[in-house]
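K.L.:
Let me give you the structure first, and then I'll get to my questions.
The values are calculated or read from the model by the stated rules, or taken from the named source; none is laboratory data. As the structure is a prediction and not an experimental result, all values here were calculated from the model. For neighbour counting, all protein chains shown are included, and Cβ atoms are generated from backbone atoms with ideal geometry for every residue, glycine included. The accessibility values were calculated without ligands, DNA or RNA, using every heavy atom of the protein model including side chains. Shrake-Rupley method; radii C 1.70, N 1.55, O 1.52, S 1.80 Å.
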Amino acid sequence: MRARYRIPLGITAAGAAGLLYAAGFEARSFRLRRVTVPVLPSGMRPLRVLQVSDIHMVGGQRKKQRWLRSLAGLRPDFVINTGDNLSDPEGVPEVLDALGPLMEFPGAYVFGSNDYYGPRLRNPARYLVEKVQGRHGLNGNPPVVDAVHNPWEDLRDGFDSAGWLNLTNTRGTLKIEGTSIELTGLDDPHIKRDRYAEVAGGPSSGADFSMGVVHAPYLRVLDAFAADGYPLILAGHTHGGQLCIPFYGALVTNCDLDTDRVKGLSTHTAEGRRSYLHVSAGCGTSRYTPVRFACPPEATLLTLVGP
């Protein structure tokens, strides 16, 4: 074979192998991360919180469903679902079935844009363009037209009937063995459904511990939660960058959060107050980009402890 053909064919073969790995293996290589967060008041017993996010369920994803059901074996104190459960209008029954064992535990949820609207086929390079231009979701972009509407009401009814708290621009309280856990939630900032004014004011004096919950970690939301004194904020949405560069990391976050905090535990400071922030890389992908690279799908068991 002539040398001038070897390099293009080698590049093509490497690209095909990378795509096969990203779609066939890594996107289905589910794993659990464990994180300890020192946020509880002194003397309070540790709390184990399971965060699931960005499931993006598509019909027939049996391995993902089995893995989600298996997480109930962790027996967390409570579960937080940070949204984007759907990537298929027909996926609600499979989401509820997969999360059924987890709904035996106390829990709460917020929705993301893909719970409300079906995904669209788009060029992944647009995420880089939007990052450069500072436009994300409906924040600076024109309104979406002719969107596919997902049956989010059925998803809501399923979660509600299991006793999970709906944190759509509201507060809720879980009682865990006599401990009062206040949860303050927002609807998805990615499509401008967040209404922080409706929940502003900070943690309630009667709660033993309070935390903020939101799908997309936009800075305006993180600033508000931190300035109000919430010690912990949970979010998802970013997919951890989804397609990352080994030894470098994520290129985009799909919001205005910096890539250094695209996933995992970090901190956020506003008006002199600091909060811990945990961003889940999630366990799914859009049905139109079913690949992950250097960013495996995940759920997180957070153990909250005292200082």
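K.L.:
Taking a ≥ b ≥ c as the square roots of the Cα gyration tensor eigenvalues, with a/c under 1.5 meaning rounded and otherwise prolate when a/b beats b/c, else oblate, which class fits the stretch 84-224?
P.N.:
Because a/c hits 1.5 or more and a/b fails to exceed b/c, the stretch 84-224 counts as oblate.
K.L.:
Any chance you could run the full-extension gain for SER161 through ARG220? It's 0.36 nm times the residue separation minus the Cα-Cα distance, nm to one decimal. Intermediate results must be reported in sequence, preceding the final value.
P.N.:
Values: separation 59, 0.36 × 59 = 21.24 nm, distance 3.21 nm.
Full-extension gain reported as 18.0 nm.
K.L.:
Report, by chain and number, residues whose modeled amide H sits under 5 Å from the one on PHE78, excluding near sequence neighbours (fewer than 5 apart, same chain).
P.N.:
ARG48, LEU50
K.L.:
To continue, here is another question. Quick one: order LEU74, LEU265 from most to least accessible surface, probe 1.4 Å. Walk me through the numbers on the way to the answer.
P.N.:
Working: LEU74 35, LEU265 65 Å².
Solvent-accessible surface, decreasing: LEU265, LEU74.
K.L.:
What accessible area per residue comes out for the chain, rounded to a whole number of Å², with a 1.4 Å probe?
P.N.:
Result: 45 Å² of accessible area for each residue.
K.L.:
How big, on average over all directions, is the shadow cast by the Cα convex hull of the chain, in nm²?
P.N.:
Result: a mean projected hull area of 17.7 nm².
K.L.:
Further question: Among DSSP beta bridges lying fully in the stretch 179-291, give the percent that are antiparallel, nearest 5. Spell out each step's value before the answer.
P.N.:
Working: 8 of 19 bridges.
Antiparallel bridges: around 40 percent, rounded to the nearest 5.
K.L.:
Residue by residue, what Karplus-based ³J(HN,Hα) values in Hz, rounded to whole numbers, does the stretch 288-296 have, using 6.51, -1.76 and 1.60 with θ = phi - 60° and x for Gly and Pro?
P.N.:
8, 9, x, 9, 9, 9, 6, 7, x
K.L.:
Between Rg and the Kirkwood Rh of the stretch 259-307, both from Cα atoms, what is the Rg to Rh ratio?
P.N.:
Values: Rg = 14.2 Å, Rh = 13.1 Å.
Rg/Rh: 1.08.
K.L.:
Which order, highest average first, do 60-66, 110-116, 252-258 follow once you tally other Cβ atoms within 10 Å for each residue and take the mean per peptide?
P.N.:
My ranking of the peptides, most packed first, is 110-116, 252-258, 60-66.
K.L.:
For VAL213, list long-range residues whose amide hydrogen, built 1.01 Å from N in the peptide plane, is under 5 Å from its own amide hydrogen.
P.N.:
Hits under the 5 Å cutoff: THR184, GLY185, LEU186, LEU234.
K.L.:
Taking springs between alpha-carbon atoms closer than 10 angstrom, which of LEU71, LEU128, LEU102 fluctuates most in the Gaussian network model of the chain?
P.N.:
Fluctuation is largest for LEU128.
K.L.:
Quick one: which residues, 5+ away or cross-chain, put their amide H under 5 Å from the amide H of LEU86? H built at 1.01 Å from N.
P.N.:
For LEU86, whose amide H was placed from the backbone, the distant partners under 5 Å are HIS56, MET57, ASP115.
K.L.:
Same structure, new question: Do the sum for the chain: with -39,500 (n - 2.57) for every DSSP H run of n ≥ 4, divided by all residues, what is the mean residue ellipticity at 222 nm, to the nearest 500 deg cm²/dmol?
P.N.:
It comes out at -6500 deg cm²/dmol, rounded to the nearest 500.
K.L.:
While we're looking at this one, here's another question. Mean Kyte-Doolittle hydropathy of 0.5 or higher plus an axial Cα length of 18 Å or more: which whole DSSP H helices in the chain meet both? Intermediate values should be presented prior to the final figure.
P.N.:
Working: long enough: 3-20 (26 Å, 0.87).
Going by DSSP H runs, the hits are 3-20.
K.L.:
Just going by the charge dipole of the stretch 126-179, with Lys and Arg at +1 and Asp and Glu at -1 on Cβ, which of GLY137, HIS149, SER161 is farthest out on the positive end?
P.N.:
Going by the charge dipole, the pick is GLY137.
K.L.:
Turning to a different aspect of this structure: Taking Cα centroids, how far is the stretch 109-163 from the stretch 204-282 in Å?
P.N.:
18
K.L.:
So, one more: Taking 7 Å along the Cα-to-C-beta vector as the label spot, tell me the ARG66-ARG45 distance in nanometres, rounded to one decimal.
P.N.:
Computed distance between label sites ARG66 and ARG45 equals 3.5 nm.
K.L.:
How much of the DSSP bridge set in the chain is antiparallel, in percent, rounded to the nearest 5?
P.N.:
Looking only at bridges with both residues in the chain, the antiparallel portion is about 40 percent.
K.L.:
Within the set of other residues whose C-beta is less than 10 Å from the C-beta of LEU96, count the net charge using Lys and Arg as +1 and Asp and Glu as -1.
P.N.:
-4
K.L.:
For the chain, give the magnitude of the charge dipole about the Cα centre (Cβ charges: +1 Lys/Arg, -1 Asp/Glu; no others), in debye to the nearest 20.
P.N.:
In total the dipole reaches around 1460 debye.
K.L.:
Follow-up. Going down the table (LYS64/LYS175; LYS131/LYS192; LYS64/LYS263; LYS131/LYS263), which pairs top 24 Å between alpha carbons? Provide the component values of the computation, followed by the final result.
P.N.:
Working: LYS64/LYS175 30 Å; LYS131/LYS192 18 Å; LYS64/LYS263 20 Å; LYS131/LYS263 17 Å.
The pairs that break the limit, which is 24 Å between Cα atoms, are LYS64/LYS175.
K.L.:
In a shell of Cβ-Cβ distance under 12 Å around GLY236, excluding GLY236 itself, what net charge do Lys and Arg (+1) and Asp and Glu (-1) give?
P.N.:
On the way: positive: LYS263; negative: ASP54, ASP84, ASP115, ASP188, GLU298.
Residues near GLY236 contribute -4 overall.
K.L.:
Right, another one. List the longest stretch of the chain that has no exposed loop site; here a site is one of the GluC sites (Glu not before Pro) assigned by DSSP to anything other than H, G, I, E or B, with at most 15 other Cβ within 10 Å.
P.N.:
The longest uninterrupted stretch comes out as 178-270.
K.L.:
Can you give the direction-averaged projected area of the convex hull of the alpha-carbon atoms in the stretch 159-307, in nm²?
P.N.:
Quarter of the Cα hull surface area: 10.4 nm².
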